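Notes follow once the structure below has been shown.
Readers should treat all values here as calculations from the given coordinates under stated rules, not as data from a laboratory. Since the model is a prediction, treat every value here as computed from it, not as a measurement. Note that we place each Cβ from the backbone using ideal geometry, even for glycine, and neighbour counts take in every protein chain shown.
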Amino acid sequence: MYIKKYLINHYGCLKLIIVFLYFVIGVVMSSKINAQPLMIAHAGGGIDGKMYTNSIEALNSNYAKGFRYFEIDFSWTSDHHLVCLHDWGKRFKLNFGYKTKQPLSLRKFQELLNRQDKSHPCTLETLSAWVIAHPESTIITDVKYNNIDAIKLIVNQFPELSKNLIPQFYQPSEYKILKELGFKQLIWILYQFEGKKSSIEYYANKMELFAISMRTSQAKKRWAQELINSHHTVFTYTVNKPKTFNKLVKKYGVKGIYTDFLGSDPINNDN
């Protein structure tokens, strides 16, 4: 009788433990599925159906929608200044309506801005002023050429802007230089990486990174999933479809999304 009573009591405890474990696992899985990834407004975010404007108007519009992280493209002018522009080809024409055979000077670029009615791509001066007026914002850089020179120029000439900056870098050799410049948060973006994909985790393990950024197709690869399983934070670009967003976040474990047109909180559909 004693043994039977003992077993009944302990069986009841065991059931309670199992129920509790199911509850805990359910909460954990639910929080994982519903976790909001970091949403980044790509090229300042889309505005009026347009992408890649890198404009003050786009920053204002998407800040009002709840974005606080903004990826901005930077290109060099002919006189070695930086302006917020993806390139001097297709995207220049998108913003200004005509083609240019070569980069303009900063003065010529500013003259074009003065003639614009709606869209005004940033200069470092206007971007710095905007960041000072929006201290909760963070700018993520994308400089296609001479990246380190660009970041040094911003640090030296626009220190207030650099306080709200997360530089992206392309080769592992750039990491140490940027850390020595005082940046605590850095993103390694892979589209210019010259090494083998099999070496990415090796380098990543030697760095303290805010994230590793890659194309959406890359996030599904085995090597990228191994990064995620090793607790590296992975961001992907550029995502504008809710179905793609959900798959990347819920199935593949992506923690950050660059977007033109998704809202700042797609999971809760606040926009």
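Couple of notes before you dig in:
- Modelled spin labels at ARG107 and ALA129, positioned 7 Å past Cα toward Cβ, are 2.0 nm from each other.
- Whole-number percent relative contact order across the chain, with pairs defined as alpha carbons under 8 Å at least 6 apart: 18
- In sequence order, calculated HN-Hα J values of the stretch 70-79 (Karplus, 6.51, -1.76, 1.60; Hz; x Gly/Pro): 10, 7, 10, 8, 10, 10, 7, 7, 5, 9
- For the set LYS65/LYS197; LYS90/LYS176; LYS197/LYS255; LYS99/LYS247; LYS144/LYS220, the pairs lying more than 30 angstrom apart at their alpha carbons are LYS65/LYS197; LYS90/LYS176; LYS99/LYS247.
- Note that the chain shows a convex hull volume over its alpha carbon atoms of 170 Å³ per residue.
- ILE140 long-range amide H proximity, modeled H, under 5 Å: PHE70, GLU71, ILE72, ILE166
- Cα convex hull volume per residue for the stretch 75-128 (Å³): 72
- Amide H contacts under 5 Å for VAL254: VAL249, restricted to partners 5 or more places along the chain or on a different chain, H placed in the peptide plane at 1.01 Å from N.
- Membrane-span-like helices in the chain, defined here as complete DSSP H runs extending at least 27 Å along the helix axis by their C-alpha atoms with mean Kyte-Doolittle hydropathy no lower than -0.5, are 2-34; this is a sequence and geometry rule, not a statement about a membrane.
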